[in-house]
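Asks: Got a structure here, written out as structure tokens. Questions coming.
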Amino acid sequence: MTFRSESSAVPSVILNDGHLIPRLGFGVFQVPEGQTFDTVTAALEAGYRSIDTAAAYGNEAEVGRAITESGIPREDVFVTTKLWNSDQGYDSTLRAFDASMERLGFDYLDLYLIHWPVPQADRYIDTFRAFQTLKSQGRIGSIGVSNFQIDHLRRLIGETGEVPAVNQIELHPALAQTTLRAFHAEHGIATEAWSPLGQGAELKDPTVTTIAEQVGRTPAQVLIRWHLQLGNIVIPKSVTPSRIRENFDVFGFELDADQMTTLSALDTGSRVGPDPDTFAMGLD
Ligand code: NAD
């Protein structure tokens, strides 16, 4: 098993376990089976070397096939998948991991995330213990969580003795997550932003379009730059090859301090996705 080294055009974040994750990756939520192979192929051709999928997205098999058939060495691509809510629990997590790896067609995974905390099920501690087992067996490089709030993180760290490498959370200017990001920074957890473009809605915001005109870039590039300059790992999604390339072309310009502050002032605490304290899809 060989994990990524610093080799691509995208700078990396060093995780708290020493592994490297590219700051910019590609997400495939809502990319249907049938379209995922071509979409991931386009992303790899554009230069992305980090792909974010999940068991619940139903497209792990095509993600794996696109990476394998690209001819890019496996160790040059950082692959993330997520454990679905209905599979939480120690034994069920071990089984779900095997099933994901079977679909991906890989013998190791770079990053495994608990997709949602589902606090009412009260199984995320046992789930993370299974993650620790898989990591100790060398089958996963890094283990982390997604959609965890501060109280879930405190309990996880307290009861398992391990700080997750990553918390992947909904994050865009309208939901800037200042408090949670500060907690992450204090504890050495990398912040990964999902729906970094607010699922497209924030691209039309006049504040965003004005800054885009100022810097001669597109609204999507401005938002991705905002994430990168804040220190977030960012995983925008598109199925349109020209937009896939556009979203990758974000390393040749910078936002100034005023532009960063103006974008951060759009924070209203508005979610496009569910509330992590109550979301329990998949539970009986
Ligand atoms: P996003 O914020 O990346 O927005 C994607 C949408 O923005 C596209 O469908 C398209 O409509 C638009 N868009 C993208 N690039 C554009 C461009 N250059 N110009 C114009 N419009 C453009 O939303 P997302 O897909 O929800 O989030 C990104 C990734 O985050 C997902 O694919 C997935 O991997 C991850 N995610 C994780 C969770 C979780 O619970 N962990 C939840 C949602 C998403």
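Asks: Would you mind computing Rg(Cα) / (2.2 N^0.38 Å) for the chain, counting N as its residues? Show your work: numbers first, answer last.
Replies: Numbers: Rg = 17.9 Å, N = 284, 2.2 N^0.38 = 18.8 Å.
Output field value: 0.95.
Asks: Find out how many positive minus negative residues lie around Phe183, taking Lys and Arg as positive, Asp and Glu as negative, among other residues whose Cβ is under 11 Å from that of Phe183. It would help to have the intermediate numbers written out before the result.
Replies: Details: positive: Arg154, Arg181; negative: Asp151, Glu186.
Residues near Phe183 contribute 0 overall.
Asks: Work from the charge dipole of segment 12-265 (Cβ charges, +1 for Lys and Arg, -1 for Asp and Glu, about the Cα centre) and give the residue of Thr36, Thr207, Ile235 farthest towards its positive end.
Replies: The residue sitting farthest along the positive end of the dipole is Thr207.
Asks: Explain nothing, just the number: dipole magnitude of the chain about its Cα centre with +1 on each Lys and Arg Cβ and -1 on each Asp and Glu Cβ, in debye rounded to the nearest 20. Provide the component values of the computation, followed by the final result.
Replies: On the way: 22 positive and 37 negative charges, 28 e Å.
That gives the chain a dipole magnitude of about 140 debye.
Asks: Among Leu153, Gln168, Asn247, which residue has its Cα furthest toward the positive end of the charge dipole of the chain, with +1 on Lys/Arg Cβ and -1 on Asp/Glu Cβ?
Replies: The listed residue farthest towards the positive side: Asn247.
Any read-out appearing in this document is the output of simple, stated calculations on the displayed coordinates, not a laboratory observation. Keep in mind that this is a model prediction, so the values were computed, not measured. Cβ coordinates were reconstructed from backbone atoms using ideal geometry, including for glycine residues, and neighbour counts include every protein chain displayed.
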